[in-house]
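Input: a single structure, listed below in structure tokens.
The values are calculated or read from the model by the stated rules, or taken from the named source; none is laboratory data. Fair warning: this is a prediction, and the values are worked out from it, not measured in the lab. Positions of Cβ are generated from backbone atoms using ideal geometry, with glycine treated the same way; all protein chains shown enter the neighbour counts. All accessible areas refer to the heavy atoms of the entire protein, side chains included, with ligands and DNA or RNA removed. Shrake-Rupley method; radii C 1.70, N 1.55, O 1.52, S 1.80 Å.
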Amino acid sequence: MTAEVLDALRPKPGGRYADGTIGGGGHAASILSASTPDGWLYGCDRDGAAVEAAQQRLAAAFAGRFEIRRGDFADLAGWIPAAGCDGVLLDLGVSSPQLEFPERGFSFQQDGPLDMRMDTRQALTAAELVNGAGPDELAKIFWEYGGERESRRLARALARDRTGRKFETTRQLAEWIERLSPRRGRKTHPATRIFQALRIAVNNEMGSLKRGLAAAPAILKPGGRLAVITFHSLEDRVVKEFGRERTCAYTVPGGVDVPELRQPRIPEMRWVTRKAIRPGEVELQDNPRSRSAQLRVLEKLG
Ligand SMILES: C[S@@+](CC[C@H](N)C(=O)[O-])C[C@H]1O[C@@H](n2cnc3c(N)ncnc32)[C@H](O)[C@@H]1O
């Protein structure tokens, strides 16, 4: 959604931008190119391989115009100057290299270790959750992060079947799920929801997203924009809720919205577009993974 991101952030010479999910540096390169000759980019990713790839890609054309750090975008306000940015981008989810390298363990299309860590320095892996979490915790993860209707049955069965042997590989888990929950004409593989749920839990994606959104206004200048690309309804709901709260022109004591008790306040942000922006036909053809992408844009008020 590069064109849409550029429309949202309107990079200009001298502008300063933060890309909290720099990945391979695709969006970052477009932002730097559009802000030639002296726009600046702060980049961040939890994934060391992504940081290296982005460094290499940007160094060739934009040397001296960016700083990239490895870390969680939830911590951007810890190193980017307050009110220092004209635009902040969060392009959530996993990158193509993460999905394509079997050893990262994100995909059940290829066999690899049950890993799924975006930041390989962290201790918790998918294998640890699958082999160690209690059935209630697993059911909660499958239901809350995957919307898996059979969450309880699958979690109980997993807790039973892992006693004799450990689940170690993506294929082992995917085949086990398919045996317990056959396709029955469904288009998507029955493991899709469980894999998504485990990935979100391993990387604490919802916690990072909430903290990252909360930190974004602090690093934006007045008039600066926050663009967030989500890939599933759970993420989009968090972004919508954040936007609703920050654009609201009143507060409600005790969190219960009784119209007579509303206290007016000046909102911190405004929605740039009311509706989420979706990828165009050309992008959908070039990149089928963008099918579920939605871009929402907020502007910090002065
Ligand atoms: C969809 S890819 C981004 C692709 C990038 N926009 C590009 O143009 O190449 C998502 C990236 O965000 C990273 N990521 C996800 N959650 C993160 C977080 N909380 N903090 C930092 N990076 C994160 C992932 O490691 C992955 O590299």
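Looking only at the range 243-282, how many residues end up being of a type in the set (Gly, Ala, Ser), within 16 Å of residue 228 (Cα to Cα) and part of a helix (DSSP H, G or I)?
Residues flagged as of a type in the set (Gly, Ala, Ser), within 16 Å of residue 228 (Cα to Cα) and part of a helix (DSSP H, G or I) within the range 243-282 amount to 1.
Show the residue pairs meeting these rules: Cβ distance below 6 Å; 6+ apart or different chains; first residue within the range 80-107 and within 13 Å of the ligand (Cβ to nearest atom); second residue of a type in the set (S, T, N, Q) and open to solvent by less than 40 Å² (accessible area, probe 1.4 Å).
From the range 80-107, the pairs are 90/21; 91/21; 92/230; 99/107; 104/98; 106/98.
Working only within the range 2-26, note down all residues that are out of contact with any Ser or Thr (no Cβ under 6 Å at 6 or more places or on another chain), under 25 Å from residue 119 (Cα atoms) and within 12 Å of the ligand (Cβ to nearest atom).
Within the range 2-26, 18, 19, 20, 21, 22, 24, 25, 26 meet the criteria.
So in the range 118-146, with the set limited to residues that are open to solvent by less than 40 Å² (accessible area, probe 1.4 Å) and in contact (Cβ under 8 Å) with a residue 60 or more places away in the chain, which one is nearest to residue 199 (Cα to Cα)?
Within the range 118-146, the match that is nearest to residue 199 (Cα to Cα) is 126.
In the range 184-231, which residues are surrounded by fewer than 18 Cβ atoms within 10 Å (Cβ to Cβ) and under 16 Å from residue 146 (Cβ atoms)?
Within the range 184-231, 186, 188, 189, 192, 204, 206 qualify.
Residues of the range 108-129 being near the ligand (Cβ under 10 Å from one of its atoms) and touching a Ser or Thr at 6+ places or on another chain (Cβ under 7 Å), which ones?
117
Out of (1) within 24 Å of the chain's Cα centre (by Cα); (2) of a type in the set (S, T, N, Q); (3) farther than 30 Å from residue 34 by Cα, what's the single condition that is false for residue 96?
Condition (3) is where residue 96 drops out.
Among the numbered criteria (1) crowded, with 17+ Cβ neighbours inside 10 Å; (2) touching a Lys or Arg at 6+ places or on another chain (Cβ under 7 Å), which one does residue 111 miss?
It fails just one condition, (1).
Restricting to the range 27-45, name every residue that is more than 8 Å from the ligand (Cβ to nearest atom), open to solvent by 10 Å² or more (accessible area, probe 1.4 Å) and in contact with a strand residue (DSSP E or B) (Cβ under 7 Å, 6 or more places away or on another chain).
40, 42
So how many residues does the range 224-238 have that are in contact with a helix residue (DSSP H, G or I) (Cβ under 7 Å, 6 or more places away or on another chain) and of a type outside the set (Phe, Trp, Tyr)?
9
Residue 89 fails exactly one of the following numbered conditions: (1) open to solvent by less than 50 Å² (accessible area, probe 1.4 Å); (2) farther than 25 Å from residue 211 by Cα. What is the number of that condition?
Here residue 89 clears every test but (2).
Collect the residues in the range 155-184 that are in a loop (DSSP other than H, G, I, E, B) and over 24 Å from residue 233 (Cβ atoms), keeping them in residue-number order.
Keep residues of the range 155-184 that are in a loop (DSSP other than H, G, I, E, B), which gives 162-168, 181-184.
If the condition is that a residue be in a loop (DSSP other than H, G, I, E, B) and over 24 Å from residue 233 (Cβ atoms), then 162, 163, 164, 165, 166, 167, 168, 182 are the ones that fit.
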